[in-house]
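The values are calculated or read from the model by the stated rules, or taken from the named source; none is laboratory data. Bear in mind the structure is a predicted one, so any value in this text is a computation, not a measurement. Cβ sites come from the backbone with ideal geometry, for glycine too, and all protein chains shown count toward neighbours.
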Amino acid sequence: MLRGNASGNPDSKVLAGMDGCPGGWICVVRHLTTDHLQAHILSDISEIAALAPKPDIVMIDIPIGLAQSGPRLCDLEARRVLGRPRSSSVFPAPIRPCLAAASYEDACAIRMRIEGKKMSRQAWAILRKVDQVDRFLSLNRDWQTRIREVHPELSFHCWNFGTSMAHRKKSAEGFAERERLVRANFGKTCLQLGDTLPAGQFGRDDLMDAFAALWTAERVIRGTALIVPANPPADDFGLRMEILA
């Protein structure tokens, strides 16, 4: 682990935190010069490039940088930091060969051939979003320094002075403990941003996670973000296998 510079840019003016949701992606944007908050539902990650002004830093809750086989060190380290029971929220990222799978059965067959085990249902559930982000970053290399991976539970852990959340995020108690942190940092009315978005396109826990990602984006520009692992390796396509918080 490393707490320090995460390639932050103190001159950055627009930050974004993103989380997957039923409508695609929920994106919370903060304009530092005006302290103005906005929220968007993006159907595809590529729509981030159409925001005006473009975010200087985007923290997104999705695996970036994929191993050809075996677990990513960042996932193992994040689970260790979180401890039980929140460690279960960090499940193994899909291996890169599984991106070619057309079905869950295909993905399981690919992983079985390479690693001797099936793909988890959790990894399959996000596979298309992982592929979407991977393709976007591969085709738009200038965004590789702007879009970085975050895990909201690791962010909440750091936000809560090194103590992981006590309850599941979808429970009433879990929402309340995360809401307390979000309101304290972003203002009592920040969650009203959800009222500006289409109903049914996101869950309230998705909004919490987007704010956690935004909180980490602010730490990135200050050079105080936690980087897991301390010296992240890159995958075969040059994408860093890291989680920031």
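Among residues of the range 209-225 being of a type outside the set (D, E, K, R) and surrounded by fewer than 23 Cβ atoms within 10 Å (Cβ to Cβ), the one that is farthest from Asp56 (Cα to Cα) is Thr224.
Close contacts from the range 73-88, counting a first residue that is without any contact (Cβ under 8 Å) to a residue 60 or more places away in the chain and a second that is surrounded by fewer than 21 Cβ atoms within 10 Å (Cβ to Cβ) and assigned to a helix (DSSP H, G or I), with Cβ to Cβ under 6 Å and a gap of 6+ residues or different chains, come to Arg79/Ser87.
Among the residues of the range 154-173, is any more than 18 Å from the chain's Cα centre (by Cα), assigned to a helix (DSSP H, G or I), at pLDDT 95 or above and not polar (S, T, N, Q)? Yes, the conditions are met somewhere in the range 154-173.
Restricting Leu207, Leu191 to those that are among the aliphatic types (A, V, I, L, M), at pLDDT 95 or above and within 21 Å of the chain's Cα centre (by Cα) reduces the list to Leu207. Among residues of the range 17-30 that are among the basic types (Lys, Arg), those with a beta-carbon under 6 Å from a residue that is in a strand (DSSP E or B) and crowded, with 23+ Cβ neighbours inside 10 Å at least six positions away or on a different chain give the pairs Arg30/Leu15. Can you spot a residue in the range 204-225 that is part of a loop (DSSP other than H, G, I, E, B), among the aliphatic types (A, V, I, L, M) and in contact with a helix residue (DSSP H, G or I) (Cβ under 6 Å, 6 or more places away or on another chain)? Yes: one or more hits. Pairs please, first residue from the range 140-165 and on the phi > 0 side of the Ramachandran plot, second anywhere and at pLDDT 95 or above, Cβ atoms under 9 Å, 6+ apart in sequence or on different chains. Qualifying pairs under 9 Å: Gly162/Val81.
The residues in the range 185-230 that are out of contact with any strand residue (DSSP E or B) (no Cβ under 8 Å at 6 or more places or on another chain), closer than 15 Å to Arg30 by Cβ and of a type in the set (A, V, I, L, M) can be counted, and the count is 1. Just wondering, is there one or more residues in the range 129-136 that are surrounded by 15 or more Cβ atoms within 10 Å (Cβ to Cβ), assigned to a helix (DSSP H, G or I) and acidic (Asp, Glu)? Looking through the range 129-136, at least one residue is surrounded by 15 or more Cβ atoms within 10 Å (Cβ to Cβ), assigned to a helix (DSSP H, G or I) and acidic (Asp, Glu).
Got at least one residue in the range 144-151 being loosely packed, with under 14 Cβ neighbours inside 10 Å and either more than 24 Å from Leu226 (Cβ to Cβ) or in contact with a strand residue (DSSP E or B) (Cβ under 6 Å, 6 or more places away or on another chain) (or both)? Checking the range 144-151: not a single residue is loosely packed, with under 14 Cβ neighbours inside 10 Å and either more than 24 Å from Leu226 (Cβ to Cβ) or in contact with a strand residue (DSSP E or B) (Cβ under 6 Å, 6 or more places away or on another chain) (or both). Search the range 228-244 for residues that are in contact (Cβ under 8 Å) with a residue 12 or more places away in the chain and surrounded by 13 or more Cβ atoms within 10 Å (Cβ to Cβ) and pair each with any residue that is assigned to a loop (DSSP other than H, G, I, E, B) and of a type in the set (S, T, N, Q) when their beta-carbon atoms are under 9 Å apart and the residues are at least 6 apart or on different chains. Partner pairs satisfying both residue conditions: Asp235/Gln68; Leu239/Gln144; Arg240/Gln144.
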